[in-house]
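The block underneath contains the structure these notes are about, expressed in structure tokens.
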Amino acid sequence: MRRTRVLVADGLPLFRVGVRSLLRRESDFELLEATDVEEATALLLGGYAEIALVDLDLPGGGGHELVARVRGRCRTHLIVWALEPSRESVLESITAGAHGFLQKEISGPGLIRALRGVAAGEAPLSRDMAGLMIAAIHGLEARSKALERAAVLSERE
């Protein structure tokens with residue numbers, strides 16, 4: 001059986017240890033770890049992982065920086081995760097090139113299901129995250145419409 005290589009790029013040892021402990025019990029995953037953007041970039045561009053679980057607050061520039069650096073340069077499915085994501089951070093991650101977004105409060109079985117789904121071509125986005133994305137997109141649309149209306153005003157108006 002081929003094992004899916006998962007890179008956990010997180011500056012917090014507790015999260016890396018937790019994911020390591022979780023994946024060690026699963027025969028279909030192999031774990032790689034990185035503690036900052038530079039280390040994770042090297043592993044991803046080296047083709048060492050099929051899936052990357054990237055902390056939004058990854059030391060060295062953050063998850064968005066890592067996603068932007070490797071987007072289109074590797075085949076890794078990039079999943080950003082965070083403790084308390086905002087709708088802006090979810091939207092920014094997805095537009096930067098992330099293939100999904102998870103909250104760090106996900107259960108162990110939930111994370112395993114999400115990783116197996118990603119390996120099968122799915123894009124993980126919880127209901128909460130989907131709601132944040134929809135709200136962010138609606139906010140962008142409203143801002144865009146306001147700018148369009150303002151563009152037709154004369155200087156005097």
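Computed values, structure above
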{"quantity": "Distance histogram for region 1-103 (every C-alpha pair counted, 10 angstrom bins, percent rounded to whole numbers)", "calculated": "17, 53, 27, 3"}
{"quantity": "Region 24-116, dipole about Cα centre (Lys/Arg Cβ +1, Asp/Glu Cβ -1), debye to the nearest 20", "calculated": "400 debye"}
{"quantity": "Accessible surface, per residue, of region 1-93 when the full set of protein chains is kept, probe 1.4 Å, Å²", "calculated": "50 Å²"}
{"quantity": "Region 26-41-region 2-16 distance, computed between alpha-carbon centres (Å)", "calculated": "4 Å"}
{"quantity": "Long-range HN-HN contacts of Phe29 with modeled amide H, under 5 Å", "calculated": "Thr4"}
{"quantity": "Surface share of carbon and sulfur [accessible, 1.4 angstrom probe, percent] for region 14-124", "calculated": "49 percent"}
{"quantity": "Under 5 Å, built H, 5+ apart or other chain: amide partners of Ala34", "calculated": "Val8, Ala9, Asp10"}
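The values are calculated or read from the model by the stated rules, or taken from the named source; none is laboratory data. Quantities reported herein were computed from a predicted structural model and do not represent experimental measurements. Cβ: placed from backbone, ideal geometry, glycine included. Neighbour counts: every protein chain shown. Remember, those area values only see protein heavy atoms, side chains included, never the ligands or the DNA or RNA. Shrake-Rupley method; radii C 1.70, N 1.55, O 1.52, S 1.80 Å.
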